[in-house]
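Nothing in this text is a laboratory measurement; each read-out follows from the coordinates by a stated rule. From a predicted model like this one, the values you see are computed outputs, not experimental measurements. We place every Cβ from the backbone using ideal geometry, glycine too, and count neighbours over all the protein chains shown.
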Amino acid sequence: MGYKAKFRVWRGEGGEGGLEDFVVEVNEGEVVLDVIHRLQATQAPDLAVRWNCKAGKCGSCSMEINGKPRLGCMTRMSTFSEDETITVTPMRTFPVIKDLVTDVSFNYQKAREIPSFTPPDNVKPGEYRMQQIDVERSQEFRKCIECFMCNNVCHVIRDHEENKPAFAGPRFLMRIAELDMHPYDVADRKDSAQEEHGLGYCNITKCCTEVCPEHIKITDNALIPMKERVVDRKYDPLVWLGNKIFKRPGSSASK
Amino acid sequence: MTQTTAGRPTGEPAQRKQRAQITARTLRTDRWWLAPAITFAALASFLVYGLWAIFDKSYFVEPYIAPFSSPCLATSCPEGARFLGLAPFGDWWTLPPGILILGLPAGFRLTCYYYRKGYYRAFWLSPPACAVAEPHKKYTGETRLPLIIQNIHRYFFYGAVLIALVLTWDAVLALRDEHGAWGHFGLGTLILWINVVLIWSYTLSCHSCRHITAGRLNHFSKHPLRYKMWTFVSKLNRRHMLLAWLSMYSVMLADLYVRLVAKGIINFPLA
Ligand code: SF4
Ligand code: SF4
Ligand code: FES
Ligand code: FES
């Protein structure tokens, strides 16, 4: 059954703007993105919103719905009561271009700062032999659709713009963990995770995990294990001593 | 130049690169304050109880010893309460003997990844809930003193294993009656055993334990045994939060129970 819903949508350009009220028709089975599209079609033709797949797989339609980071295309209208006012705003952590569209280039910049997969010199393409159990852990991280809601919700940069240069955000700390766990990656990622990408800023309060639409256990399976690996390298005198005494040939690839 | 707005084509006017100006601290409409409030109350009540228990003297009654005061390592401990009959700290220690070992379990829980989440949110409001602004002007997380010390958690894990062993021994001794004859099984024995199982589950589900078993390896296939252990610990680890709460309350209730028996407040047969 259709009904009229109350919407408040943030509208503006380059930061300046405010919440605008709308009353808009909602039909059974619709998601928030459908309603935004109806607003575009009927009342606000210049309302900007980014989307592509409408299937929760492209990561384009990240926005904040009633204050929570959500994918517009995966948030069913049936989760709200009919008399509730639904507030839709752009992601807070990134500069806004127009209306619900933010400039997420912070994330591309951070992605570029991480050295890519680095195999050992003596292994040629085609010679990689990996067992499923060796790559299983990092396969979870590859479910990421790059919606950047985890980086958006993380208080380290959401509440502290000044931390942006020092902190890669959960999405890319997870990328570092993925590479560090890779059986064939020989690059040193532990020192740089801590020194250059700001792993220490994370206080494991798990908001990234809470908002991830792919339900990746970012904190438990990537960030905390990575913190433990950094402890091995930097803060654990016993491991340090053990490595000195039993210097094993080969590097992390032989572990 | 900051990197915060890098990547856009040049020539953008500066004011276009701002966040949406929203002054509200959060636009969340659910009861986001409920979870941190409950955590706050639960942790605070535990601290209050702990403070009382440490100075309470009735921590021993044959065959039970209260978990907060075990192992008992000073001469001031009653004969039967001394761990393996020893009193390595001698008689110069005049404070309650529980204080001697308090640091291990307290440090373990204080640096635990789950409790950190709990008190960073509930006590330090950093952040109080997701997408709710924190009140602090500056934030450096665990990058410097004092919070960088959280990285010693794994040493507390080793200590916690020792404590769990001691509590297991206490539970074994609780299978004797007050005259030292085996075969006793009172309500106290049951409570101590439930507590020991929960303490072990919590301890083994620790993230540091997960790392030590095999998390630090990149080739699970070369270490089948360690991989098995890791798989087991990972299963427990998924319930780490639940186990943290259950074991915290079980140790508190077990402790309280023994003290009530010792005080004679609980005194039915097979108590
Ligand atoms: S767990 Fe760490 S990375 Fe994730 S949101 Fe919290 S502080 Fe940020
Ligand atoms: S990890 Fe999850 S929340 Fe973060 S960008 Fe990927 S899919 Fe989005
Ligand atoms: S439009 Fe692709 S995830 Fe929503
Ligand atoms: S005890 Fe919680 S992570 Fe170690």
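Observations
- Filtered residues of the range B:241-262 (kept if more than 15 Å from B:ILE199 (Cβ to Cβ) and of a type in the set (Gly, Ala, Ser)): B:ALA262
- Test for B:PHE108: is it more than 14 Å from chain A (Cβ to nearest Cβ), crowded, with 17+ Cβ neighbours inside 10 Å and not in a loop (DSSP other than H, G, I, E, B): yes
- In summary, helices (runs of 4 or more DSSP H) completely within the range A:167-238 and bearing 2 or more residues that are facing chain B (nearest Cβ under 9 Å) occur at A:207-211, A:224-230.
- Tallying residues that are more than 19 Å from A:GLU161 (Cβ to Cβ) and within 11 Å of ligand 1 (Cβ to nearest atom) within the range A:183-200 yields 1.
- Checking each residue in the range A:44-64 for being crowded, with 22+ Cβ neighbours inside 10 Å and more than 15 Å from ligand 2 (Cβ to nearest atom) picks out no residue at all.
- Residues (among the hydroxyl-bearing types (Ser, Thr, Tyr) and in a loop (DSSP other than H, G, I, E, B)) located in the range A:63-118: A:THR75, A:SER81, A:THR93, A:SER116, A:THR118
- The residue that is surrounded by the most Cβ atoms within 10 Å (Cβ to Cβ), among those in the range A:201-216 that are more than 6 Å from ligand 1 (Cβ to nearest atom) and of a type outside the set (A, V, I, L, M, F, W, C), is A:TYR201.
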